[in-house]
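As structure tokens, the structure follows; a few thoughts come after it.
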Amino acid sequence: MADGKLERDFIRSALALASRPEVDRLVIVTDRPLSPAELRGRPLKKKLVYAVTDEAIADQVWARRYLAVVIPPYEYARIERIKVALVACRSEGLVRDGDTIVALAGRAQDVSLDTLIRVRIGAEQEEERVRVDAIGLAPEFSSQVVEGLIHTAMEIGAQGYEGHAVGTILVVGDATAVMEKSRQILINPFQGVSEVDRNCIDPAIRAFAVLDGAFVVREDGVVLAAGRYLQSVSLDVKAPMGLGARHAAAAAVTAETRAIAVTVSQTSGAVRVFKQGGIVLEIHQMARRI
């Protein structure tokens, strides 16, 4: 009983905070939307965004005239799930630079909400790697493509391929320069395939993550090649301590080109996004399905 009252008081306090005019968005990461009674009397209709893991739940939220984004259903910690939700919101144009966000989340398999954070979009959050402003790309990029690649990377990290853990690099943007700074080390499985059938968000792409080398993806999401060796010349760019050659290559190629690189760690399944030679987003798993 005491725990139930504490949770209700916690949610009421969070909603009161989010109602303040200084807050631009309230993002709630849950598959159990709040009841109308919990929201009654609060000026949150235009602020509230739910981050859910199922399209059917998103449809229910939209039917109630609230905003919703869909995020992957994998086992990530609370802060990691908030990061992914903010990336999805950024991709859909629901948050922008300068916005102050209040975010609520709980454990992935729990309906309770027990974590509250405040994030200012565009502010330096180096310690927590919540810099979703880094996904604010040049005009030639599609934010939906980058978000889709992050989700694909999360799937690869969580599920691997045929029961085996795999790691990979997905490089998107400035494709001509990336191709010039890399070489094919395996037969390119996408050579001669229609562009319609080689979109980077196609689930079939996961099968090619077992190949050595990197994926090269055009800004519009078309996969140009897999099995590319990134030939780095940026000797000053180094991956952070504890990360290996895959991450060093991702750092280098993004330092030398205008590309974004998304890596999956074979060891931990962690997903990292590199831009301009550094990590701008980092998502760690709690549990893997392999």
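The values are calculated or read from the model by the stated rules, or taken from the named source; none is laboratory data. Quick caveat, the model's predicted, so the values are computed rather than measured. Here Cβ is always computed from backbone atoms with ideal geometry, including for glycine, and neighbour counts include all displayed protein chains. Side chains included, ligands, DNA and RNA excluded: accessible areas come from the protein's heavy atoms. Shrake-Rupley method; radii C 1.70, N 1.55, O 1.52, S 1.80 Å.
What to note about this one:
- Against the main long axis of the alpha-carbon atoms of the chain, helix 143-159 sits at an angle near 90°.
- Solvent-accessible area per residue for the chain (1.4 angstrom probe, square angstrom): 47 Å²
- For residue 5, the lysines whose Cα falls under 29 Å of its own Cα, not counting residues fewer than eight places away in the same chain, are 45, 46, 47, 83.
- Estimated distance in nm for a label pair at residue 229 and residue 10, the labels positioned 7 Å out from Cα along Cα-to-Cβ: 5.2 nm
- For the chain, calculated [θ]222 nm from helices alone, where every DSSP H run of n ≥ 4 adds -39500 (n - 2.57): -8500 deg cm²/dmol
- Crossing angle, helix 245-256 versus the chain [Cα axis fit, 0-90 degrees, rounded to tens]: 90 degrees
- When 284, 247 are compared by accessible surface with a 1.4 Å probe, the order from highest to lowest is 284, 247.
- For region 139-214 and region 1-69, distance of Cα centres in Å: 35 Å
- Accessible surface of the chain, 1.4 Å probe: 51 percent of it comes from carbon and sulfur atoms.
- Angle of helix 2-18 to the longest C-alpha principal axis of the chain, folded into 0 to 90 degrees and rounded to 10: 70°.
- Spatially proximal lysines relative to residue 181 (Cα-Cα < 28 Å; intrachain offsets below 8 disregarded): 238, 275
- Among 47, 275, 5, the sequence by solvent-accessible area, most first, with a 1.4 Å probe is 5, 275, 47.
- Highest mean first, the peptides 199-208, 263-272 sorted by other C-beta atoms within 10 Å per residue fall in the order 263-272, 199-208.
- Sorted largest first by accessible area at a 1.4 angstrom probe radius, with every protein chain in place, the residues 76, 229 fall in the order 229, 76.
- Beta-bridge orientation, the chain: approximately 65 percent antiparallel, per DSSP, counting only bridges with both partners inside.
- Computed magnitude of the charge dipole of the chain (debye, nearest 20; Cβ of K, R +1, Cβ of D, E -1): 680 debye
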